[in-house]
Each structure stands twice: as C-alpha cells, then as structure tokens.
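Data first, discussion second: the structure below is written as structure tokens.
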Amino acid sequence: MAKAQRNGQATASPPPASPVITTTGPAGFLDGFVNNIPLPRWALIAVAVTVAVLLLLFLICIIRCFCGKKKTKKKEKVGLLPFSGSTTASLVQPEMEDLEQGPQETGRGRLQYSLEYNFRAQELKVGVKQAADLKAMDNGGTSDPYVIVYLTSDMRKKYETKVYRKTLNPIFNESFTFQVPPAEVSEATLVMQIYDFNRFAKHDIIGEVRLPLASVSLQHIIEQWSDLVVASKVEQEQLGEICFSLRYVPSTGKLTVLILEAKKLKRMDSHGLSDPFVKVHLILNKRKWKKKKTSVKKNTLSPYFNEAFVFEVPFNQIQNVDVVISVWDYDKMTKNEPIGKLFLGCRATGNQLRHWSDMLSNPRRPLAQWHSLQPPDVVDKALGLKSHIKLPMTTR
C-alpha cells in the first residue's frame, strides 16, 4: 500500500507544473509558426538581420535629410536677416553676361560726338563735342581729360584733343578727318578714348566709345551721346592677309611658291595706301639660305601678284627648311618698311603648319591658302635665326 501510495504520489506530482506550461504558450505558437515555414533556421535568421539593417538605414536617411533641411533654413535666415532689401540682391549669383558688363556700370561718364562722311572726297570727319559726368581720377575729385580718336583700320593715325584741367564736364569742340574709301567703311570701327592726363605718371584711361561704322548710316550727319565703357584690352593691329600656294615634287626636289594676292594690308604711306611687294626666304637649319621677291604694286592695299618662284630643296633637307613670306612697303626715298610676316615649316604652328603638312602629304599638287600676317619681330623671334652663312647647293 505504501508503495502504491508512493507511486500514486509520484504520478500525481505533475499537476503543479501545469501553470508553467500555460505561461509558455505563446512561445510555443511562435515556434510552431516558424517550424511551418519551409526554410532552414539559419536562413530565417539571415533574412531577419537583413530586414533589420535595411530598416535602420532607411531611418538614418530620413533623419539626415530632415536635419539637413533644417540647417539650410537656419543658415539662410542668419545670412539674410541683417541685410535690407536693396543689398540682399547682391547676394544672388549674377549671370555671366552681368559679370562681363558689371565693370561698365560704375558710371564713367558720357561723350558727345558727330560723324560726317564725304563720299566724293572719301573722308570721314569726326567731331568730338563734349563729355559729361566723367569719373574722377584725381585725389581732389576731378580729372584732366583729353580724347584720343582713331580707326581700327589704320591704328597708326591717331588724333588727340587738348587737355582740359580739373573738370569732369569738358567742352572740346574739335574735329578730325580720316581718309576712308567707301569699300573699307563697313570694316572699320571708330574708337574714342578719354584719358586722364598725369604729368609724372602713366595716363589713366577713363573709358571709351567704340562705334562700328557698319552699324550707322553715313548718308547724313550724325550727332549723338554715348556712354563710356571700360576700355578693351590692347588690340593687335591688323596687318593684312596673303594668299599663296605651295607645291613640292620629291623626285626632283623642286619647291614652288606661287604668290597670288594680298588684301586688307596695313596703310604705310601718308595718303593712306601702300606700295607692297613680297619677299620669299628659304631658311635652312635656322640660317638664311635663298631669297626671291615679287614686283612692286603701287598705291594699293589689295595687290594681285600671281608670281611663282621655284627653289631646289633635296628631299633629305625638306624637314629642315622654313619658308618665310614677308610683305614690304616700297619707299623710293627711305628704307623699305616691313608690313608683316609669317613662316611655314615643321617648326611652324596653326594654319602655317597645317598648310605645310598638306603640301608634304600631297606631292606634286599645288595647295593654295589664305594666311594672316604677323608682326615681323614676333616671327623673327620664333625663327631664332643664326648669322647668315652662304651654303652651297648641289645641282641635280
């Protein structure tokens, strides 16, 4: 009986544990749900970790964007509140056109002038009338203004007015005459620059007026006011253009240079024309070798030559040769003056090098091209010529 009682007690002992089973019911439900998913436990853990990381990153991005917008608004408020409406506009970034025109809006003054063109005499009469509200360049709040007048088609001929002391509203009433053929009127620009005179230092430019003659009608007298603007950078004088052809035959070693024509040459004579002719130099290893020249064309800025020159240049020397084309103004009484130069060869650049390369790649074929003349000193410096030595030439 005792054994039976002990056995009964042993079998009856489990009921107290029933409360524990009821408390762990939900975990059993989750385990059952997980067990029903047809994936291994490690795969479920990986998916859960990935989802958690993505949610964390998403929350971080939202927080950063929200904070960034707040900081931007705070900065804008701090930067704009101290300024009034008139000065706040300066904080806005201007357009590129406004940046280029910005220095011109500082109030340099105005200039009154007149234009009268005489078609029969081919003369342009420029009248410099007066200036108003000029910019003060001196410490005393005044300026000593005078005007320089010239045409871009002939920058050698410049006129200037008298100097007027200590005034910002000078009255000039001076006129100047330029010789301009009708065919060149449309290509010229009238430049009127106002300077501040300084006896002991460089004269400061106050401003300028640039008027392309093609933009106005010269059929009647023009009188008008124009605002002064910032002076342009120093412009290179236009020396003219020349057209010539090159032809090289490697088998015979013959280089043919055909000088065809030139146009828009610089005026060298007092009457506004020139007496041009062309020199052709061959340079070998930076030394002058051979030269030839055309005939002189009298009183013209657009001469037509059509003269050919043949030089013998062996094929093994063609890479070491430079061809120098120079245009000169003939003067019977004084020394001839150079108008402009250019050179072609393997050491050349730009259009000159392209023309030379085209000649070498197209043997026996003449190739013509227009070229702009350059200042003689610039070309001479680029050539770096050595002392002249007479070199023998082998005949074929």
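The values are calculated or read from the model by the stated rules, or taken from the named source; none is laboratory data. Remember, it's a predicted structure, so these values are computed and weren't measured experimentally. Here the Cβ positions follow ideal geometry from the backbone for every residue, glycine too, while neighbour counts run over all protein chains shown. The area values use the complete protein model at the heavy-atom level, side chains included, leaving out ligands, DNA and RNA. Shrake-Rupley method; radii C 1.70, N 1.55, O 1.52, S 1.80 Å.
Restricting to the range 242-271, what's the tally of residues that are open to solvent by 20 Å² or more (accessible area, probe 1.4 Å), closer than 17 Å to Trp356 by Cβ and not in a strand (DSSP E or B)?
1
Taking the stated definitions as given, is Arg110 basic (Lys, Arg) and surrounded by 15 or more Cβ atoms within 10 Å (Cβ to Cβ)?
yes
Where in the range 155-214 are the strands (runs of 3 or more DSSP E), entirely inside, with at least 3 residues that are under 20 Å from Lys266 (Cβ atoms), modelled with pLDDT under 90 and open to solvent by 60 Å² or more (accessible area, probe 1.4 Å)?
It comes to none.
Residue by residue through the range 359-390, note down the ones that are open to solvent by 40 Å² or more (accessible area, probe 1.4 Å), part of a helix (DSSP H, G or I) and modelled with pLDDT under 90.
Within the range 359-390, Asp377, Val378, Asp380, Lys381, Ala382 meet the criteria.
Where the second residue is modelled with pLDDT of 90 or more and part of a helix (DSSP H, G or I) and the first is under 12 Å from Ile325 (Cβ atoms) and lies in the range 354-381, which pairs have Cβ atoms under 6 Å and are six or more apart or on separate chains?
Qualifying pairs under 6 Å: Gln369/His355.
Which of the residues belonging to the range 131-154 are touching a residue at least 24 places away in the same chain (Cβ under 8 Å) and surrounded by fewer than 16 Cβ atoms within 10 Å (Cβ to Cβ)? It would help to see each step written out before you state the result.
Within the range 131-154, the first condition is being touching a residue at least 24 places away in the same chain (Cβ under 8 Å), and the residues that meet it are 131-138, 140, 142-154.
Selection gives Ala132, Asp133, Ala136, Asp138, Gly140, Thr142.
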